Structure formats: structure tokens, C-alpha cells
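A.B. asks: Here you go, one structure.
The values are calculated or read from the model by the stated rules, or taken from the named source; none is laboratory data. What you are looking at is a predicted structure, and each value in this text was computed from that prediction instead of being measured. Note: ideal-geometry Cβ built from the backbone for every residue, glycine included; neighbour counts use all protein chains shown.
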Amino acid sequence: MTEIPTKPAKATTTTVEVTNFVGARRNLVDAMAYDFLERGCSARTVAAAATPAFGRDQVIEYLAALTLRESAKKAVSEAGLASIVDTSVSGIDAPREALVVISGNAEETADFATVPQRLRQALRDFAITVTVRAGEHDDVTDDLVDSLLLEGEQVRLVKLEPRK
């Protein structure tokens, strides 16, 4: 049985410790991304190092989402869409998705209505497509995804499966 201390070992409060914990957690997630993306550590190595704090599968899924985001970011840049399209990752907590959003202004962007099609083409060259975020809609169509993109909503990036 664990004994509950009546007073913390050092002078502190719950608020201070929560702030410290959240900051340390964010630093760990950033360090995992740095080790994986910048230092070239394998996902398996990063997951093994982070296992005391996060589950192996959680880390592997997060790093896979980072990889997908990086590929999409390159596709967006090469297509000349970087000024109006942003890529991101939802984070280490579930659902751990790579996301894309049109952040440009319709009034300031020529051919704004064609951005979703241009984005799809750019992503297709990198074997990536877009769809709605998990569990948001029952009937997913390209028109639905395009309208969400044009409304400034985030949509999910998905790696295309090769044809068999």
C-alpha cells in the first residue's frame, strides 16, 4: 500500500506541478519528433526510448503521422500551394492524424475554388489523398471533402494503398 504524504517533498502546488508536467510532456514529444525527423533515428529506436512515458504503438503511430505530414508538406510546397495550405499533426494523443487545411483567403487567392483539386493532384504524386477526420461524416465523397477544405476545415491526410 502506498502512503499518501500530507505535505509535498518540496514547496509546490498542484497548479505548478501540472504546468511543469505538461511542459515536460510537450518537450518529450518535440524531442521524439526531432530525433526521428532531424537526427534520422528509426521509429523503433525512438519508441523504445520513449516507452516509459508513452506506449510503443502510440509513438509509432505518431511518427507515421509525422512522416505523412512531411511528405504532404513537400507536395504542397512543390505545387506552389505553401502560402495557402498548411499541414499539421493532431498530436501524440489519439487519433494521431496528419491533417491539411486551406488557410488562404478566397478574396486574395486566384482560382480559390480550384485549390482542392490542385491539392489533390499535388498529394497524389506523393501517394497521398484527403478524407474527412475519423468519425465526422457517414457518406464521404470528394465533393464533401472539397467543400470542407474550401470552408477552411481540417481534413485528414491518408497514404494511398498501391493497386494490386
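A.B. asks: Hey, could you check the range 25-53 for residues that are without any contact (Cβ under 8 Å) to a residue 12 or more places away in the chain and of a type in the set (A, V, I, L, M, F, W, C) and say which is nearest to A64 (Cα to Cα)?
C.D. replies: So, considering only residues that are without any contact (Cβ under 8 Å) to a residue 12 or more places away in the chain and of a type in the set (A, V, I, L, M, F, W, C), the one nearest to A64 (Cα to Cα) is C41.
A.B. asks: Report yes if some residue within the range 51-58 is modelled with pLDDT of 95 or more, over 11 Å from the mean Cα position of the chain (by Cα), closer than 30 Å to V22 by Cα and among the charged types (D, E, K, R); otherwise report no.
C.D. replies: For the range 51-58, residues modelled with pLDDT of 95 or more, over 11 Å from the mean Cα position of the chain (by Cα), closer than 30 Å to V22 by Cα and among the charged types (D, E, K, R): present.
A.B. asks: Find the strands (runs of 3 or more DSSP E) located wholly in the range 84-144 whose residues include 2 or more that are in contact with a Pro (Cβ under 9 Å, 6 or more places away or on another chain), and list them.
C.D. replies: Numbers: elements: 85-89, 98-102, 128-131.
So the answer is none; nothing clears 2.
A.B. asks: Still on this structure: Take E108 and tell me if it is surrounded by fewer than 16 Cβ atoms within 10 Å (Cβ to Cβ), more than 14 Å from the chain's Cα centre (by Cα), of a type in the set (D, E) and within 23 Å of V158 (Cα to Cα).
C.D. replies: Numbers: surrounded by fewer than 16 Cβ atoms within 10 Å (Cβ to Cβ): yes; more than 14 Å from the chain's Cα centre (by Cα): yes; of a type in the set (D, E): yes; within 23 Å of V158 (Cα to Cα): no.
Against the criterion (surrounded by fewer than 16 Cβ atoms within 10 Å (Cβ to Cβ), more than 14 Å from the chain's Cα centre (by Cα), of a type in the set (D, E) and within 23 Å of V158 (Cα to Cα)), E108 does not qualify.
A.B. asks: So, in the range 31-49, how many residues would count as being assigned to a helix (DSSP H, G or I) and either touching a Gly at 6+ places or on another chain (Cβ under 9 Å) or closer than 17 Å to V89 by Cα (or both)?
C.D. replies: So in the range 31-49, the residues assigned to a helix (DSSP H, G or I) come out as 31-37, 43-49.
When the remaining residues are screened for being either touching a Gly at 6+ places or on another chain (Cβ under 9 Å) or closer than 17 Å to V89 by Cα (or both), the result is 31-37, 43, 47.
Total meeting the criteria: 9.
A.B. asks: Please go through the range 155-164 and give me each residue that is within 18 Å of the chain's Cα centre (by Cα) and surrounded by fewer than 20 Cβ atoms within 10 Å (Cβ to Cβ), ordered by number. Spell out how you get there, then give the answer.
C.D. replies: Quick first cut of the range 155-164, residues within 18 Å of the chain's Cα centre (by Cα) only: 155-160.
Those that are within 18 Å of the chain's Cα centre (by Cα) and surrounded by fewer than 20 Cβ atoms within 10 Å (Cβ to Cβ): V158, K159, L160.
A.B. asks: Within the range 54-69, track down each residue that is buried (at least 16 other Cβ atoms within 10 Å of the Cβ) and of a type in the set (D, E).
C.D. replies: Scanning the range 54-69 gives a single hit, E61.
A.B. asks: Specify the residue that is farthest from L150 (Cα to Cα); the eligible residues are those in the range 88-136 that are touching a Leu at 6+ places or on another chain (Cβ under 7 Å) and of a type in the set (S, T, N, Q).
C.D. replies: Per the stated criteria, the residue is S90.
A.B. asks: Can you confirm whether G152 is over 23 Å from L37 (Cα atoms), in contact with a Leu (Cβ under 9 Å, 6 or more places away or on another chain), in a loop (DSSP other than H, G, I, E, B) and not aromatic (F, W, Y)?
C.D. replies: On the way: over 23 Å from L37 (Cα atoms): yes; in contact with a Leu (Cβ under 9 Å, 6 or more places away or on another chain): no; in a loop (DSSP other than H, G, I, E, B): yes; not aromatic (F, W, Y): yes.
The answer is no for G152.
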